[in-house]
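Following: one structure in C-alpha cells, then a few remarks.
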Amino acid sequence: METLLQDLRYGFRVLRKSPGFTVVAVIALALGIASTTAIFSVVDEVLLHPLPYPDSGRIVSVSQKLRSNGANASASPANYLDWAAQNHSFSYMAASRGFQGNLTGGERPERIRFTVVSGNFFALFGVNPLLGRGLLAEDEKAGNDHVVVLSYGLWKSRFGSNRSLVGHNITLNGEPYTVVGVMPADFAPDDYGQLWMPSAWDVPPYPFAPEKDPRPLRDSNYFEAWARLKPGVTLAQASAEMDAIARRLEKQYPDANTDIGISVVAMQDNFVSDIRPTLLLLVAAVVLVLLIGCANVANLLLARATERAKEVSIRSALGASRLRLARQLLTESILLALIGGMVGVLFAAWAVPALLTLSPPDISNFKHIGLNSEVLGFSVVVSVLSGILFGLAPAFHASRENLSGSLKEGERGSTSSRGRTRSALVVAEVGLSLVLLISAGLIVKSFVRLMNVDPGFDSDRLLVFGVGLPPSAAPAQQDAFYQQVQDRIEAVPGVQSAGAISRLPLSGGNSDRSFKVPGSDKDYSADIRVSTPDYFHTMGIPLLKGRNFTEQDAHGSIGVAVVNETLARIVFPGQDPIGKYILDFGPAKDKLQIVGVIGNVRHEGLETDPRPEVYLPFGQAHWPSVFMVVRSKTTDPLALTSGVQNAVWRVNKDVPLSNLRTMQDVIARSVLRRRFTTLLLAIFAGLAMLLAAVGLYGVMSYTVSQRRHEIGIRMALGAQKADVLKLVVKQGMSLVTLGVALGVIVSAGTTRLMSGLLFGVSATDPLVFGGIAALLASVALAANYVPARRAAKVDPMVALRYE
C-alpha cells in the first residue's frame, strides 16, 4: 500500500508538470467514457434492470402465434379462457385490453387511456396499491364491475393527489365508477393506461368484444394475456404445456385455431424486444469511440516516453527493476484514466437528460434512467480498464529502454519499436473509425430513404386530434354528433375541409379481419377502417377507380366499401374490382360491394409495406371513437386549435379532444426511434473521425520532430520543399490506406449484423463504403498535411546545427 501511495503521488506530480499533455489526454478519454456511461445508463435500466414488480422474472407474456411464420398476435377471449382453465404452469393468468374514454366532471373533459382487466390482474403483478385496494375476482361479477383503480399520474394530475378520493365516484364515458384504489408511481407508465377497471365475463356481450355476440369470441383477437410462473416451473416447461394446449384447441376448433400456437415470453423481453437491437448498436458504437480514445492516449504516452527515456534509465541504474518501472508507469496511466473518467461522468450527467429528451417513448418511459450507483460503478471499472489498456504498451516499451544509450547525452534511445507500435495504433484508429463511420453512413442513408417514402397522403396543413362519444351512444347519436362536429369545424375561418377516420395513418396497430369473395373458398384478411365521406379528400388520398363514400351510404342502404390498391391487386388480379363483393366482413359480417379503389396509405409505419385495407362508410359501420382530420387554408394548422376546440364543445361540452397535433408531427413521431439512432450514431461517428484525425496528426508531428536531422540532410543535398512534403504525406497516407483497407474488410462483415435496422439500403452499399472511405481519407490527408508542411519549412542549417 505504501508503494502504491508513492506511485500515485509521483504520478500526480508528473501529470501536473505536463498540463498540455494531461488536458488533451483527459479530454480524449472523457469523451469516450462519457459516451459509454450515458448509453450504459439506458442499457442498465431498459435491458438489465428487473422490472419494478416482485420476482418479475417469473411474469410472462402469453400470446397467439402463427406456426407458419412465427408472427405473434393478440389472443381471442375464448382461447384465453381455455388457456386459463387448462394450464398447470401458472399461479395467475390475467387478460387486459386498452381503450380510450372520456373523463368528465372537472373543469374540462379529458380523454384518457384505460384498461379493462381480469380481476386477478394486480395479484399477478404482486404490487400493492398506494391507496385503497386493487381489483378482485368479485369485481368481475355483474353489479360489482363499476369500480376503478387509478394510476398515480392520473391521480396526481387530474385529482390533485387527493387522498380522500378513494370511495368516491368519478364519471367515465357518462357512467359513475367508484375509485377503490390508487397505484404507486412506478407501477406502469401512463402510456399503458391511466386507470384500470374489471371485466365482466358473465355479462354478454363478453369483455373486449366489438360485436354484440352472446358468446366469448374465438375468431377475433384483441387483448393481451399475462401470467406468473408457479415456483419451480421454468419458461421452457410452461411453453411446452401451452403448446400442447394449443394443439388440443386446434383439433377442437379447426375453423379458428388452425396454425395457431402459443408464445410464452418473459415480460421484460416482450417489452424491450423492439428497442434491444438499437441499444446494442449504440453500445457497439460507444465502445469503438472509447477504443479510439484509448489508442490516442496510448500514442501520446509513447511519444512522451521518448522524453522520459533518460528519467527511466536513471531510475533503472539506481536499482529499479523492469517490473517496478512498468508498475509505476501503469499506475500513472490508470490515474490519468480515473481523472478522465471523473470528467466523463460530468459530461454524462449533462448528456443523459439530453439523451432522454431525444429518445423514443420505449426508452423515455423508464423513470429511473440516470447516473445511479450501478452506472457510476461501471464508469469506474471502464476507467480502470481503459487505463490498463492504453498504458500497457507504453509501460512495456519504457521498461525495456536501452540503459546505456539513453544515458548518453544527445543520443536517442531505440525508438524503432515504439514507432512501429504508434503506427499500428494509428492504423487501428483509422480502421475502427471507418467501421463506425460506415455503420453511421448506412443508418443515415436508410433514414433519408425512409423520409422520402410517400405515405400515401398529403401531410401539409393537416391538423389531427382524437374525439369520441361513450360506447353506449346509439348509432343515430354517433351519426348526428360527428356530422354536427364536421359542419361546425368546416365553418371555422381558415378551415378548408374536415373528415374522420377510425384509426389514423402511422399511428401503429391494425384491426385485422378475415373475408371471402364470391366463387372462392380462399380466406383473405384486411385491416378495417371506418371513415366519413370527406376523409379521403381532406387527407389528399387519391381515388384510383370508382367513387368515394357519399351521404347516401347510410344505414339501410346497400353495404359498400372502398378498398386500397394492395387489396385490389391481391384479391382481384387483372380484374376491375368495382362492383365486386367481399363477404363476411365488418362488424355485422356483411356482404359489401366495392365502389372505389384508393391509393395505398402507410398505416403501420413508413417502413412497412401497405397491407390490404377495407374502408367502410361511417353511416353504415359507425364508430364511437375517431380521429378528426382538418385541412387548413393557411400554412399553420395549429392556428386553428382554439376554433376547432370550441366547435366540438358547442356540440357537446363533455367531449374532450386528445392528441391534438399536426400530421407532420405524427410522421415525425412515427420515425422517432430511427431519428434517435441516426442522430446518436452520426455524433459518435463524427467523434471517432475527429479522434482518429488527432491521432494521425500527433503521430506525424512526432515523426517530423524525430526526422528533423534527416530532413535537414536531404534538403542540404538538394531536396526541394515539394519532395519533403511528398515524403511525409506519403508516409502518413500509407498508414491511412492500410487502416481504410482494414476498416472496409471488417465493415463488410459487421454491417450485415445491422441489416434489420436498415431500410432500402444494402448492408454493403458500395456508395456508402466508397464515399465514407474517401471522406475519412480526406480528413486524414488534412491532418497529415499540417506536419508535412512544417517539415517542408525546416531550415537545413538549423537542423544540422541542432544535431
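What the table below lists for this structure:
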item	result
Selection from segment 506-531 of residues that are at pLDDT below 85, of a type in the set (Asp, Glu) and touching a strand residue (DSSP E or B) at 6+ places or on another chain (Cβ under 8 Å)	ASP512, ASP523
Members of segment 82-93 found to be surrounded by 18 or more Cβ atoms within 10 Å (Cβ to Cβ) and either within 27 Å of LEU165 (Cα to Cα) or of a type in the set (S, T, N, Q) (or both), listed by number	ASN87, SER89
Test result for VAL485, β-branched (Val, Ile, Thr), under 32 Å from the mean Cα position of the chain (by Cα) and open to solvent by less than 70 Å² (accessible area, probe 1.4 Å)	no
Segment 259-300, residues that are over 18 Å from the mean Cα position of the chain (by Cα), at pLDDT 85 or above and of a type in the set (S, T, N, Q)	SER263
Residue selected from segment 234-261 under the condition among the aliphatic types (A, V, I, L, M) and farther than 18 Å from PRO77 by Cα, by the criterion least open to solvent (accessible area, probe 1.4 Å)	ALA238
Checking ALA792 against (1) in contact with a Leu (Cβ under 6 Å, 6 or more places away or on another chain); (2) modelled with pLDDT of 75 or more, the condition it does not meet	(2)
Candidates GLY619, GLY546, GLY579, filtered to the one that is touching a His at 6+ places or on another chain (Cβ under 8 Å) and farther than 24 Å from ILE667 by Cα	GLY619
Pairs where the first residue, in segment 446-475, is free of Cβ contacts under 8 Å to residues at least 24 places away in the same chain and surrounded by fewer than 21 Cβ atoms within 10 Å (Cβ to Cβ) and the second is not aliphatic (A, V, I, L, M) and not in a helix (DSSP H, G or I), C-beta under 6 Å, 6+ apart	none
Members of segment 595-630 that are part of a loop (DSSP other than H, G, I, E, B) and open to solvent by 10 Å² or more (accessible area, probe 1.4 Å)	ASN600, ARG602, GLU604, GLU607, THR608, ASP609, PRO610, ARG611, PRO612, HIS622, TRP623, PRO624
Residue tally, condition part of a helix (DSSP H, G or I), more than 21 Å from LEU280 (Cβ to Cβ) and open to solvent by 40 Å² or more (accessible area, probe 1.4 Å), over segment 746-769	2
Hits in segment 133-152 (condition: in a helix (DSSP H, G or I) and surrounded by fewer than 17 Cβ atoms within 10 Å (Cβ to Cβ))	ALA137, GLU138
Selection within segment 39-66 - open to solvent by 10 Å² or more (accessible area, probe 1.4 Å), under 19 Å from VAL283 (Cα atoms) and aliphatic (A, V, I, L, M)	VAL43, LEU47, LEU48
Filtered residues of segment 105-130 (kept if open to solvent by 20 Å² or more (accessible area, probe 1.4 Å), in contact with a Leu (Cβ under 8 Å, 6 or more places away or on another chain) and not in a loop (DSSP other than H, G, I, E, B))	GLU110, ARG111
Residue in segment 388-396 that is surrounded by fewer than 21 Cβ atoms within 10 Å (Cβ to Cβ), farther than 26 Å from THR737 by Cα and either modelled with pLDDT under 75 or under 33 Å from the mean Cα position of the chain (by Cα) (or both) present	yes
Top-ranked residue in segment 488-529 [being within 16 Å of ALA568 (Cβ to Cβ) and of a type in the set (Ser, Thr, Tyr); ranked as surrounded by the fewest Cβ atoms within 10 Å (Cβ to Cβ)]	SER520
Condition met for ILE578 (surrounded by fewer than 21 Cβ atoms within 10 Å (Cβ to Cβ) and in contact (Cβ under 8 Å) with a residue 24 or more places away in the chain)	yes
Test: residue in segment 403-426 that is in a loop (DSSP other than H, G, I, E, B), open to solvent by less than 30 Å² (accessible area, probe 1.4 Å) and at pLDDT below 90	yes
Whichever residue in segment 656-672 is in contact with a Pro (Cβ under 6 Å, 6 or more places away or on another chain) and under 19 Å from ARG111 (Cα atoms) and, among such residues, is surrounded by the fewest Cβ atoms within 10 Å (Cβ to Cβ)	THR662
Segment 726-740, residues that are over 21 Å from ALA791 (Cα atoms) and not small (Gly, Ala, Ser)	THR737, LEU738, VAL740
In segment 164-190, the residues that are in a strand (DSSP E or B) and buried (at least 18 other Cβ atoms within 10 Å of the Cβ)	ILE170, LEU172, TYR177, VAL179, VAL180, GLY181, VAL182
Conditions (1) under 30 Å from TRP350 (Cβ atoms); (2) open to solvent by less than 40 Å² (accessible area, probe 1.4 Å): number failed by LEU31	(2)
Of all residues making up segment 333-378, the number that are of a type in the set (Val, Ile, Thr), open to solvent by 70 Å² or more (accessible area, probe 1.4 Å) and farther than 15 Å from VAL42 by Cα	0
Of all residues making up segment 37-63, the number that are farther than 28 Å from SER386 by Cα and not charged (D, E, K, R)	12
Which numbered condition VAL495 fails, given (1) touching a residue at least 24 places away in the same chain (Cβ under 8 Å); (2) within 29 Å of the chain's Cα centre (by Cα)	(2)
Failed item in (1) surrounded by fewer than 14 Cβ atoms within 10 Å (Cβ to Cβ); (2) closer than 18 Å to ILE594 by Cα; (3) at pLDDT 90 or above; (4) not polar (S, T, N, Q), with ALA568 passing the rest	(1)
Verdict on LEU544 being buried (at least 24 other Cβ atoms within 10 Å of the Cβ), outside any loop (DSSP other than H, G, I, E, B) and either out of contact with any strand residue (DSSP E or B) (no Cβ under 6 Å at 6 or more places or on another chain) or not charged (D, E, K, R) (or both)	no
Considering residues of segment 71-106 that are among the hydroxyl-bearing types (Ser, Thr, Tyr) and at pLDDT 85 or above only, the residue farthest from ALA238 (Cα to Cα)	THR104
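The values are calculated or read from the model by the stated rules, or taken from the named source; none is laboratory data. Keep in mind that this is a model prediction, so the values were computed, not measured. As a convention, Cβ positions derive from the backbone with ideal geometry for all residues, glycine included, and neighbour counts pool all protein chains shown. Remember, those area values only see protein heavy atoms, side chains included, never the ligands or the DNA or RNA. Shrake-Rupley method; radii C 1.70, N 1.55, O 1.52, S 1.80 Å.
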